Amino acid sequence: MKNTVYFQVFRTNPFAGIGFVFVVLLILIAIFAPWLAPQDPLAQSLADRDLPPGGEHWMGTDRLGRDIFSRVLYGARVSLSVGIIAQGVSVSLGLLLGLAAGYLRGWTDHLIMWLVNVVWAFPYLLLVLAIQFALGNRPENIFLAIGLTGWVGVARVVRGEVLSLREREFVDAARCLGLSPWRIMLRHILPNVLPTLVVEPPLAWPLPSSPSFALSFLGLGIQPPNPSWGNMILDGYTRIQFAWWQAVFPSAAIVFSVLSFNLLGDALASPPTEL
């Protein structure tokens, strides 16, 4: 008997369960960071600068005496915010353009797919940097710049699904009733496309998040003193010979988060179909 219920993944794939637990843990850390952080992430104490891990500072302190553990916890908020907001922009834009390209066909399809090919022709990070420079270095523009470059994959997937659905009998029946193209797309085709996108957010979360780490490392993302994993690495990598913890712990947080979402996304991308 066929069954595509996604909770079966966690019964048959231990890596999916591990990824799910880690993702939930990351979300809880981001939400409850103000209560979990033992120190104020912005509080400076030159008397406590460059302290190694231990005692009151579990992950040590940075060159300004700020608690790294607290800053890593708050950095999770930035990473999740970028991933969720940018992915929301990408999925929404890709969904609408993919629907239009697949159903309307003709010049609309040619124009949208030409735009997809143009966006894909540029290196992803370079395109994000160009949009970021054009919009200005503000936090909301970081989300927008990353979101505006990540929609092309969603659009191609949605277009392919719509092409297989547009000739189905229920779509022909809707046309015979005189429904407008957009009503057919939104009311009849969209519900059949959405299951394909169930795995898109967890599978693609590292894609919009990775440029945010790179932007912060280059000094173009979230600006100090606000903590983000990227600017923490930027601040600590030059001091790694005598204060390794300042760059290692935020780097480990990036690896942990990307690995968690990849484990969950890969498992959901190929769910079991048999009971």
Those residues that are among the small types (Gly, Ala, Ser), without any contact (Cβ under 8 Å) to a residue 24 or more places away in the chain and outside any helix (DSSP H, G or I), I need them from segment 27-53; list them, please. Ser45
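Quick grid of which residues meet (1) surrounded by 17 or more Cβ atoms within 10 Å (Cβ to Cβ); (2) at pLDDT 90 or above; (3) within 17 Å of the chain's Cα centre (by Cα); (4) under 30 Å from Pro191 (Cα atoms):
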| residue | (1), (2), (3), (4) |
| --- | --- |
| Arg63 | no, yes, no, no |
| Phe69 | yes, yes, no, no |
| Leu73 | yes, yes, no, no |
| Gly98 | yes, yes, no, yes |
| Ile146 | yes, no, yes, yes |
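Looking at Arg77, is it touching a residue at least 24 places away in the same chain (Cβ under 8 Å), farther than 28 Å from Met185 by Cβ and within 18 Å of the chain's Cα centre (by Cα)? Break it down into steps so the answer makes sense when it comes.
Numbers: touching a residue at least 24 places away in the same chain (Cβ under 8 Å): yes; farther than 28 Å from Met185 by Cβ: yes; within 18 Å of the chain's Cα centre (by Cα): yes.
When the stated conditions are applied, Arg77 passes them.
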The helices (runs of 4 or more DSSP H) lying entirely within segment 181-275 that contain at least 2 residues which are under 19 Å from the mean Cα position of the chain (by Cα) and modelled with pLDDT under 80 are 200-204, 206-217, 245-269
Among the residues of segment 9-18, are any modelled with pLDDT of 90 or more, touching a Leu at 6+ places or on another chain (Cβ under 8 Å), small (Gly, Ala, Ser) and crowded, with 16+ Cβ neighbours inside 10 Å? no
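Test Ala76 against the stated conditions and say whether it is within 30 Å of Arg183 (Cβ to Cβ), touching a helix residue (DSSP H, G or I) at 6+ places or on another chain (Cβ under 6 Å) and not hydroxyl-bearing (Ser, Thr, Tyr).
Numbers: within 30 Å of Arg183 (Cβ to Cβ): no; touching a helix residue (DSSP H, G or I) at 6+ places or on another chain (Cβ under 6 Å): yes; not hydroxyl-bearing (Ser, Thr, Tyr): yes.
For Ala76, the condition - within 30 Å of Arg183 (Cβ to Cβ), touching a helix residue (DSSP H, G or I) at 6+ places or on another chain (Cβ under 6 Å) and not hydroxyl-bearing (Ser, Thr, Tyr) - is not met.
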Residue list for segment 54-74, restricted to those being not acidic (Asp, Glu) and not in a loop (DSSP other than H, G, I, E, B): Gly54, His57, Thr61, Ile68, Phe69, Ser70, Arg71, Val72, Leu73, Tyr74
Picked from segment 100-128 (must be among the β-branched types (Val, Ile, Thr) and within 14 Å of Gly150 (Cβ to Cβ)), the residue surrounded by the most Cβ atoms within 10 Å (Cβ to Cβ) is Val128
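Residue by residue, here is whether (1) among the aliphatic types (A, V, I, L, M); (2) outside any loop (DSSP other than H, G, I, E, B); (3) over 30 Å from Ser228 (Cα atoms); (4) at pLDDT below 85 holds:
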position	(1), (2), (3), (4)
Leu80	yes, yes, no, yes
Gln87	no, yes, no, yes
Gly150	no, no, no, yes
Arg175	no, yes, yes, no
What do you reckon, is Ile131 of a type outside the set (S, T, N, Q), in contact (Cβ under 8 Å) with a residue 60 or more places away in the chain and closer than 28 Å to Ile222 by Cα? no
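The values are calculated or read from the model by the stated rules, or taken from the named source; none is laboratory data. Remember, predicted model here, so these are calculated numbers, not experimental data. Positions of Cβ are backbone-derived with ideal geometry, glycine not excepted, and every protein chain shown enters the neighbour counts.
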